[in-house]
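Enquirer: Below: one structure in structure tokens.
The values are calculated or read from the model by the stated rules, or taken from the named source; none is laboratory data. Given the structure is predicted, the values throughout are model-derived calculations rather than measurements. Cβ sites come from the backbone with ideal geometry, for glycine too, and all protein chains shown count toward neighbours. Surface areas here come from the heavy atoms of the whole protein model, side chains and all, with no ligands, DNA or RNA. Shrake-Rupley method; radii C 1.70, N 1.55, O 1.52, S 1.80 Å.
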Amino acid sequence: MRLGVLDVGSNTVHLLVVDAHRGAAPVPARSEKSVLRLAERITSSGKLSEAGADELVRTVAAARASADKLGCAELMAFVTSAVREADNSAKVLARVAEETGVELRVLSGEDEARYTFLAVRRWYGWSAGDLLVLDIGGGSLEIAAGVDEDPDLAVSLPLGAGRLTRTKFTSDPPGRDEIDGIAEWLADQLAPVVKKLAKRGEPDRVVATSKTFRSLARLGGAAPSSAGPRVHRVLTEPGLRQLLAFISRMSAADLAELEGVSASRAHQLVAGALVAQATMRALSRPEFEICPWALREGVILRRLDQTDGEETS
């Protein structure tokens, strides 16, 4: 079965096309990304701008055309924090459906955490034991923990790399006092969730996923994506500390020149590193393993679970 999943995030709209069937790992067939930065197109009144909505409609229409051309039996489309939090989200989603024929499902932050957890569980298997999964997005930080495929704890905090960049940074690069103040603030924001996690006991494995963590791990010396998804990658506390000291002195333009950093996300790399470091310190963990599967794979796997195991065209 060929499936497409369309992820409308805070920074990018990402179409992932895979060949998959129940009981097997999805095999990527095509990946297409468009940088919209929808979170930055929210007006002072809390609405997605008309220009942002126009571009979203065009991008979704193009993604649907690509999915049809590639022979997708189904296109699963969803939106996360940027559109979810816009005051005119219902109107925008209705317009997208009317003009493109694509119904964008609104995922809650908890939904994101649960789907991502499922993907990580399937990647590592039952031998991973009690899993703790972390995902830094553009608008939010998702945390999930559990011993099954569905986590017993799934939370979403408004601590995304893009959100922090927009709301907490006042200069590029940020000053030392600003960085210290944000780090202290992040520790306070994480404290209630860390307290809940402590009641569960120590997890057997702590795993980080998605683009921000992958970029940080790459800059910290992890193997490049060209080495393949099965190469063991980690982000260590000493490596992250040294990396943050380095990148916090660089402008967004200079960061975009670093290997492993996409130009569309360079401006929020320092904020992402601060969230990663604050989380690592709050959990008292020396390192996070990096998983190549995340939210999109979780959505696909859950959809496959609903099939009868037979392939369809």
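Enquirer: Just checking, how many residues over the range 165-179 are open to solvent by 30 Å² or more (accessible area, probe 1.4 Å) and either assigned to a helix (DSSP H, G or I) or in contact with a Leu (Cβ under 7 Å, 6 or more places away or on another chain) (or both)?
Expert: 6
Enquirer: From the residues in the range 66-91 that are within 19 Å of the chain's Cα centre (by Cα) and hydroxyl-bearing (Ser, Thr, Tyr), which one is surrounded by the most Cβ atoms within 10 Å (Cβ to Cβ)?
Expert: Thr80
Enquirer: Run down Glu40, Glu32, Glu50 and say which single residue is of a type outside the set (A, V, I, L, M, F, W, C), more than 16 Å from Val299 (Cβ to Cβ) and in contact with a Leu (Cβ under 6 Å, 6 or more places away or on another chain). Walk me through how you get there before you give the answer.
Expert: Working: Glu40 fails: in contact with a Leu (Cβ under 6 Å, 6 or more places away or on another chain); Glu50 fails: in contact with a Leu (Cβ under 6 Å, 6 or more places away or on another chain).
One residue alone meets the criteria, Glu32.
Enquirer: Given the conditions (1) exposed (fewer than 12 other Cβ atoms within 10 Å of the Cβ); (2) of a type in the set (D, E, K, R); (3) under 23 Å from Thr12 (Cα atoms), and given that Arg214 satisfies all but one, which numbered condition is not satisfied?
Expert: If we test Arg214 against (1) exposed (fewer than 12 other Cβ atoms within 10 Å of the Cβ); (2) of a type in the set (D, E, K, R); (3) under 23 Å from Thr12 (Cα atoms), just (1) comes out false.
Enquirer: What are the residues in the range 108-125 that are in contact (Cβ under 8 Å) with a residue 40 or more places away in the chain and not in a helix (DSSP H, G or I), if any?
Expert: The one that is in contact (Cβ under 8 Å) with a residue 40 or more places away in the chain and not in a helix (DSSP H, G or I): Ser108.
Enquirer: Are any of the residues in the range 42-51 of a type in the set (Asp, Glu) and either touching a Cys at 6+ places or on another chain (Cβ under 7 Å) or part of a helix (DSSP H, G or I) (or both)?
Expert: Yes, the range 42-51 contains at least one residue that is of a type in the set (Asp, Glu) and either touching a Cys at 6+ places or on another chain (Cβ under 7 Å) or part of a helix (DSSP H, G or I) (or both).
Enquirer: Could you run through the range 65-90 and say how many residues are touching a residue at least 40 places away in the same chain (Cβ under 8 Å) and within 23 Å of Val18 (Cβ to Cβ)? Full working, then the answer.
Expert: First, the residues of the range 65-90 that are touching a residue at least 40 places away in the same chain (Cβ under 8 Å): 66-67, 70-83, 85-89.
In the following step, the residues that additionally are within 23 Å of Val18 (Cβ to Cβ) were identified as 66-67, 70-80.
Number of matching residues: 13.
Enquirer: Against the conditions (1) farther than 25 Å from Asn11 by Cα; (2) within 21 Å of the chain's Cα centre (by Cα); (3) open to solvent by less than 30 Å² (accessible area, probe 1.4 Å), where does Gly162 fall short? Just the number, please.
Expert: Gly162 satisfies all of (1) farther than 25 Å from Asn11 by Cα; (2) within 21 Å of the chain's Cα centre (by Cα); (3) open to solvent by less than 30 Å² (accessible area, probe 1.4 Å) except (1).
Enquirer: Applying the selection to the range 15-25, what residues are crowded, with 19+ Cβ neighbours inside 10 Å and at pLDDT 95 or above?
Expert: Leu15, Leu16, Val17, Val18
Enquirer: Further question: What number of residues within the range 218-260 satisfy the criterion of being part of a helix (DSSP H, G or I) and farther than 20 Å from Pro286 by Cβ?
Expert: Final tally of qualifying residues: 8.
Enquirer: So which pairs qualify, if the first residue must be in the range 20-33 and touching a residue at least 40 places away in the same chain (Cβ under 8 Å) and more than 23 Å from Val8 (Cβ to Cβ), the second must be open to solvent by 90 Å² or more (accessible area, probe 1.4 Å) and part of a loop (DSSP other than H, G, I, E, B), the Cβ gap must be under 6 Å, and the two must be at least 6 apart or on different chains?
Expert: His21/Glu311
Enquirer: Can you go through Glu103, Glu98 and tell me which one is open to solvent by 10 Å² or more (accessible area, probe 1.4 Å) and in contact (Cβ under 8 Å) with a residue 24 or more places away in the chain?
Expert: Glu103
Enquirer: Okay, next question. Which one of the conditions (1) surrounded by fewer than 16 Cβ atoms within 10 Å (Cβ to Cβ); (2) over 20 Å from the mean Cα position of the chain (by Cα); (3) touching a residue at least 24 places away in the same chain (Cβ under 8 Å) does Ile247 fail to meet, given that it meets all the rest?
Expert: Every condition holds for Ile247 apart from (1).
Enquirer: Keeping to the range 269-299, report how many residues are of a type outside the set (Phe, Trp, Tyr) and within 15 Å of the chain's Cα centre (by Cα).
Expert: Qualifying residue count, the range 269-299: 15.
Table: residues versus (1) surrounded by 14 or more Cβ atoms within 10 Å (Cβ to Cβ); (2) over 21 Å from Ser140 (Cβ atoms); (3) of a type in the set (Gly, Ala, Ser).
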{"position": "Val27", "(1), (2), (3)": "no, yes, no"}
{"position": "Ser31", "(1), (2), (3)": "no, yes, yes"}
{"position": "Leu36", "(1), (2), (3)": "yes, no, no"}
{"position": "Arg41", "(1), (2), (3)": "yes, no, no"}
{"position": "Ser45", "(1), (2), (3)": "no, yes, yes"}
{"position": "Glu50", "(1), (2), (3)": "no, yes, no"}
{"position": "Leu56", "(1), (2), (3)": "yes, no, no"}
{"position": "Ala61", "(1), (2), (3)": "yes, yes, yes"}
{"position": "Arg64", "(1), (2), (3)": "yes, yes, no"}
